[in-house]
Amino acid sequence: MSENVGISRRSVLKAIPTAVLLAAPHRIPEHWRAVAAARFPQPVTVRAPRSVSDPAPQVVEQTLDVRFTDLTIPGYGPATTRTYNGAIPGPTLRVRGGDTLRLTHVNGLPPNEPHSGGHNQPHRFNSVNLHTHGLHVSPSGDADNVQREFAPRTADEVDAGAPEPQYQTVIDIPADHPAGTYWYHPHLHGATSVQVVGGLAGVLIVEGDIDDVPEIKAAADLVVCVNELRLQDGRVPDFTSGGALAAVPATLTVNGEVNPTLTLRPGEVQRWRLVAATAFTALPLRLTGDAGNLAFHQIAQDGVTFPATVATDTVSLAMGNRADVLVRGDGPGRYELRADGVPGPLMTVEVAGEPVDPPMALPTELPPGKPFLDEDDITNPHADREVVFHTDPGVFPEPFPNAFRVLGTHATPAADPDGDPARDPAHGLFDPDYVNHTLPLGTVERWTVRTDDSRAGFNHPFHLHTNHVLVTHRNGQRLDPPVWHDTVGLAGGRPGDQVTFLVRYEDFTGSTVAHCHQLQHEDLGMMQTVEYVAP
């Protein structure tokens, strides 16, 4: 199924009821669903037509049109920013295991400005590519290949009236891919942070076994995508200095609006797909009200189903994380979805209307998620990998004086081995020509990842492309049960956070990256190259 490019904000809002109801079973009367949908925005949904009698894999086709868009952000006002199809966030892409995702990218952005600095300085802001964050798919060729560049027209091509360039991404979803919530965004080194803080991101959903659990199928299925916009006078400032983006206060939107309102009936259960499409800001989330908190009943993390539902008052999302949660309305009242450290609510939840009698049930059983690993699976216990996120402040000339390094057992070598490593222009910084980690398929390894940043508010989330990691320990404490992640938050402090995880390299060879998902740090060099190779 495809959708016309250049979708306006008005058409997105018109599509809200359809987008919600497509995914929502009929446990709640339709007029209540329509009321909730009309008050709570949803991105346009793209999916292949599929029948119960013919569940064969489908090709899901979509055009992603990238250009500067003038739009009005409810709760903020007018803004001009790079968008997918004229909206923040872009369309929600729904696939199933075995499907093929075929995307046509139109780059309608202006020509890039000349760049004379190094590759670890911001540049090529109008070139894009695509990363399907969290998907276990090929990192090579025309798939989830972040080493590609979808460049705009050059100035000469614009003057000559050349058509806007188009690029293709074709991703084969494995038949046994975990069902869950993922997202997509551009990942061109040097431009990622500018583009994501302008709202260039969208949600990607793999449908599957968890969606057929009766209690989950009965719940309205809602995307709750938090975008972090860094807008100054309605525009993302040029990333011309280390503080150019960080100094701009964040405007946090949910599905493109500042503090939208969601209606939840007493006794009703809704499924929220929480997506932290943020570049700078971690989101420790709570649902607070005058009478106390509403509980989250978490069923998945980063697209992988939990062994059992976990009731909690707080869901902590680092930049890039997702969590699937069920929320049930208690007595009537007003609640706010808040993130610690963020002024103002992300959205308002009104528990109101005719109660659901009897109240909707929560699941007692969940389908098996991704099987756990344990230490006995480690291929070579004496070859553990260590990653250390480290910052050397004020060691380079302005306008980018801070060195954001990845140290540890496979750090990028120094340009001058006999010099001062704190001032070295290569030590621990991203080098696209240097392979930091060679990872043979079928191997299970143990990694320890930590930050030595002493600032408690500084978060360095670790993200490995292509394969999920099983976090077994945090700050020396064993997790029971362990938790699958594709992105792991690491807050600074004295000491900073440390995690240990196990990972099996499966199915796909090719070159990709591991990096800090504070995206400004990634653009400035806090990234490494990983190469998945045949055994």
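The values are calculated or read from the model by the stated rules, or taken from the named source; none is laboratory data. Note that the structure is a prediction, hence the values are computed from the model and not measured. Methodologically, a virtual Cβ is constructed for each residue, glycine included, from the backbone with ideal geometry; neighbour enumeration extends over all protein chains shown. SASA here: full protein model, heavy atoms, side chains in, ligands and nucleic acids out. Shrake-Rupley method; radii C 1.70, N 1.55, O 1.52, S 1.80 Å.
Taken over segment 398-423, the criterion of being part of a strand (DSSP E or B), free of Cβ contacts under 8 Å to residues at least 60 places away in the same chain and among the small types (Gly, Ala, Ser) is satisfied by GLY408 alone.
How do the pairs read when you match residues in segment 40-65 that are open to solvent by less than 50 Å² (accessible area, probe 1.4 Å) with residues anywhere that are among the aromatic types (Phe, Trp, Tyr), using Cβ under 8 Å and keeping only pairs 6 or more apart or on different chains? Sorted first by the residue in segment 40-65, then by its partner, the pairs are LEU64/TYR84; ASP65/TYR84. Selection within segment 293-345: residues that are among the charged types (D, E, K, R) and within 17 Å of the chain's Cα centre (by Cα). The member of this set that is farthest from PRO359 (Cα to Cα) is ASP302.
Select from segment 247-265 the residues that are of a type in the set (Val, Ile, Thr), open to solvent by 20 Å² or more (accessible area, probe 1.4 Å) and under 19 Å from THR80 (Cβ atoms) and list them in ascending order. Matches in segment 247-265: THR251, VAL258. Across segment 443-457, which residue is least open to solvent (accessible area, probe 1.4 Å) among those that are not β-branched (Val, Ile, Thr) and not in a strand (DSSP E or B)? Ranking the candidates gives ASP453 first.
Of VAL388, VAL395, all but one fail to be assigned to a strand (DSSP E or B), surrounded by 14 or more Cβ atoms within 10 Å (Cβ to Cβ) and in contact with a strand residue (DSSP E or B) (Cβ under 9 Å, 6 or more places away or on another chain); the exception is VAL388. Note on segment 504-535: among residues that are open to solvent by less than 20 Å² (accessible area, probe 1.4 Å) and either without any contact (Cβ under 8 Å) to a residue 60 or more places away in the chain or part of a loop (DSSP other than H, G, I, E, B) (or both), the one that is nearest to LEU407 (Cα to Cα) is MET526.
The residues of segment 158-183 that are surrounded by 13 or more Cβ atoms within 10 Å (Cβ to Cβ) and either free of Cβ contacts under 8 Å to residues at least 24 places away in the same chain or aliphatic (A, V, I, L, M) (or both), listed by number, are VAL158, VAL170, ILE171, ILE173, ALA179.
The requirement of being closer than 23 Å to VAL275 by Cα, open to solvent by less than 10 Å² (accessible area, probe 1.4 Å), touching a residue at least 60 places away in the same chain (Cβ under 8 Å) and assigned to a loop (DSSP other than H, G, I, E, B) is satisfied by ASP144. Of all residues being in contact with a Pro (Cβ under 7 Å, 6 or more places away or on another chain) and in a loop (DSSP other than H, G, I, E, B) in segment 427-442, which is surrounded by the most Cβ atoms within 10 Å (Cβ to Cβ)? Just the residue, please. Applying the filter and picking the extreme gives HIS427.
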